[in-house]
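Comments concern the structure below.
The values are calculated or read from the model by the stated rules, or taken from the named source; none is laboratory data. Owing to the predicted nature of the structure, the values given are computational and were not obtained by experimental measurement. Methodologically, a virtual Cβ is constructed for each residue, glycine included, from the backbone with ideal geometry; neighbour enumeration extends over all protein chains shown. The accessibility values were calculated without ligands, DNA or RNA, using every heavy atom of the protein model including side chains. Shrake-Rupley method; radii C 1.70, N 1.55, O 1.52, S 1.80 Å.
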Amino acid sequence: MAELTSESQSQKPKNYKVAKEKSLWWMYLPAIILVTTFIVYPFFNGVRISFTDWDGFSQTSNFVGLDQYVRMFSDPTTWTVVRNTLLYGIGSTILQNAIGLGYALLLNSSIKMRTLTRTIIYLPVIISPLIMGYIFYLVFAFQNGALNDALMFFGFDPVNALGNPTANPFIIMLVNVYQFVGIAMIIYLAGLQSISKDYYEAADIDGASKWDQFKSITLPLLAPSITINVVLNVIGGLKLFDVIVALTGGGPGDASQSSSTFMYSLYFSRQDAGYAATQGVLIAFIILIISLLALWYFKRKEIEA
Amino acid sequence: MENKRMKLGLTILAFIITVLHAIPFYILITTSLKEQGDFSSRWVFPDYFSLENFTTAWQEANLGNAMINSLLITTGAAIILILLGSMAAYPLARKNTKLNKGVLVLFVAIMVVPPLTALVPLYQMVVDFGMINTRTIAVLVNAAAFMPLTIFLYSGFIRSTIPKELEEAARIDGANTLGIFFRIVFPLLKPVTASVLIVACVFIWNDYQFAIFFLQSSDVHTLTVTMDSYFAENQHNLGLVAAGAFIAMLPMALMFLFLQKYFIAGLSSGAVKG
């Protein structure tokens with residue numbers, strides 16, 4: 001709003017060429033061409049392909065109407081994939097925010113070694129998720145994995161964590177949380193440091209408990225940080241790809257596939273490009289709905305606070 | 001007294017959390033130091049010292065070549081993002097025409113679209129262009145994927161912190177738009193340029209999803225694709241995989257440790273994954 005008013009004020013008295021009405025569109029033309037060629041056009045082309053039976057390499061394909069969509073909604077794998085994708089997206093988001101906020105509160109107190117703790121928690125953020133996946137493979141591998149080495153040392157039976165179709169989506173989610181909790185932590189830490197100490201002093205004088213202060217001062221004032229974190233984590237988690245490839249390859253069967261890995265295997269291993277595109281449209285739709293809902297919900301909270 | 005005890009308790013808690021977060025890296029290091037056939041517990045260091053895994057992985061996986069490819073692609077994409085992104089953001093931040101408002105909305109909308117939905121048709125297009133297995137296509141696709149975020153960061157910064165008076169004064173002196181932008185505005189955008197550079201470095205250097213689609217022949221493999229095939233070949237000799245993974249993460253980890261302040265500031269302003 002601020003820039004709108006200054007705009008209208010400065011418009012009147014100028015008589016030299018300010019070029020106010022010019023859009024200067026040629027300055028963003030190159031960026032538009034780049035984004036249109038590599039994202040917008042292929043995206044809509046993908047929507048078109050989702051109505052065909054294209055195999056991914058032939059020059060020809062047939063228009064099949066809604067066949068791929070009917071197939072998608074009756075394919076049990078779709079529901080496994082959607083469930084996993086939501087687990088990776090929403091499950092990670094809840095944990096990353098809860099744990100990230102906890103870490104931020106801890107680092108915002110006057111403890112020793114804060115810098116070291118922060119560095120170690122943040123380090124995984126800058127490492128490739130694929131490499132992170134391999135590092136966790138060393139931990140969870142059935143034979144000679146660190147987890148089983150520890151279990152056997154204490155006299156327990158080894159577990160096949162990555163081969164277990166019920167457990168491994170949760171393991172993948174936890175690895176994603178471990179890797180990116182640092183981002184949530186840092187954003188919350190910045191949020192906490194911007195809250196004035198006066199509020200807490202006033203609350204202390206009024207005799208409010210620490211928990212009341214957290215509920216009535218800290219959380220409402222952190223609302224903008226919560227919005228950013230939730231949107232970032234949801235979008236990141238819903239697109240999860242690398243970690244899954246590294247840890248399970250989507251298996252056993254399709255048990256731990258996310259939308260991204262499922263599309264990849266449909267296209268390259270199963271020559272089913274039309275169906276891959278249909279799955280792509282579904283995930284784009286889900287991401288859009290969830291992002292908008294999250295944005296709307298948390299923006300409303302911010303205004304209330 | 002009470003306060004001191006609480007502080008001690010919190011310090012111990014922080015220590016435990018730090019140790020827990022360090023475990024994967026500890027396991028990576030013990031594993032990378034063990035020779036093939038050493039199946040001792042991952043939790044203990046070997047009683048010998050050998051860097052053989054590192055030298056073998058470096059040569060076998062051709063990690064040097066992969067590092068150069070990753071570096072070229074990241075640098076190329078970062079240059080495009082900084083030049084085209086800052087230039088695009090300028091009119092979007094300064095000229096409130098209907099067209100520009102629409103274009104800004106378009107860029108924000110693209111941020112929500114998962115590039116993965118575009119990947120399947122994009123792959124065929126790239127094959128038709130004859131650009132498969134070229135570093136150029138990896139540069140262009142990565143630049144396109146991070147362009148909306150870059151424009152968003154630059155335009156927010158220009159609108160909120162760059163005073164218009166400077167540009168107006170330059171205009172009176174007869175400078176043209178492009179001259180004003182590159183000589184007066186661009187140098188003031190350093191903080192965002194640093195953020196864009198860091199986001200590009202981390203996420204494009206680490207990119208696997210685009211690389212696995214477009215860089216399938218081994219001479220153009222980046223670090224991630226190289227490690228992907230090296231892992232497939234050495235599933236039963238994880239010491240080599242660990243050493244390779246360690247080498248692959250080293251450049252970024254060192255940069256992070258030395259430039260931590262900038263990394264954290266840059267990434268929290270633009271922490272959106274591909």
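From A:283, A:244, A:287, A:235, which residue is more than 10 Å from every other protein chain (Cβ to nearest Cβ), crowded, with 20+ Cβ neighbours inside 10 Å and part of a helix (DSSP H, G or I)?
A:244
Would a scan of segment A:48-62 turn up a residue that is open to solvent by less than 50 Å² (accessible area, probe 1.4 Å), part of a helix (DSSP H, G or I) and not hydrophobic (A, V, I, L, M, F, W, C)?
No, that holds for no residue.
Can you name the residue in segment A:215-229 that is away from chain B (no Cβ under 11 Å) and open to solvent by less than 20 Å² (accessible area, probe 1.4 Å) and is also nearest to residue A:292 (Cα to Cα) among such residues?
A:227
Of all the residues that make up segment B:30-60, how many are exposed (fewer than 12 other Cβ atoms within 10 Å of the Cβ) and within 13 Å of residue B:246 (Cβ to Cβ)?
Residues meeting the conditions: 2.
If you take just the helices (runs of 4 or more DSSP H) that sit entirely in segment A:77-191, which of them hold at least 2 residues that are within 11 Å of another protein chain (Cβ to nearest Cβ) and open to solvent by less than 10 Å² (accessible area, probe 1.4 Å)?
Output list reads A:114-122, A:129-140, A:146-153.
Please give the number of the condition residue B:172 fails out of (1) farther than 24 Å from residue A:289 by Cα; (2) touching a residue at least 24 places away in the same chain (Cβ under 8 Å); (3) of a type in the set (A, V, I, L, M, F, W, C).
Going through (1) farther than 24 Å from residue A:289 by Cα; (2) touching a residue at least 24 places away in the same chain (Cβ under 8 Å); (3) of a type in the set (A, V, I, L, M, F, W, C) one by one, residue B:172 breaks only (2).
Got a sec? Which of B:92, B:10, B:72, B:28 is under 21 Å from the mean Cα position of the chain (by Cα) and assigned to a helix (DSSP H, G or I)?
B:72
Take the residues of segment B:125-181 that are among the charged types (D, E, K, R) and within 19 Å of residue B:95 (Cβ to Cβ): which is surrounded by the fewest Cβ atoms within 10 Å (Cβ to Cβ)?
Looking at the filtered set, the residue picked out is B:165.
Among the residues of segment B:33-43, are any within 9 Å of another protein chain (Cβ to nearest Cβ), in contact (Cβ under 8 Å) with a residue 12 or more places away in the chain, more than 26 Å from the chain's Cα centre (by Cα) and part of a loop (DSSP other than H, G, I, E, B)?
Yes, there is a match, as at least one residue in segment B:33-43 is within 9 Å of another protein chain (Cβ to nearest Cβ), in contact (Cβ under 8 Å) with a residue 12 or more places away in the chain, more than 26 Å from the chain's Cα centre (by Cα) and part of a loop (DSSP other than H, G, I, E, B).
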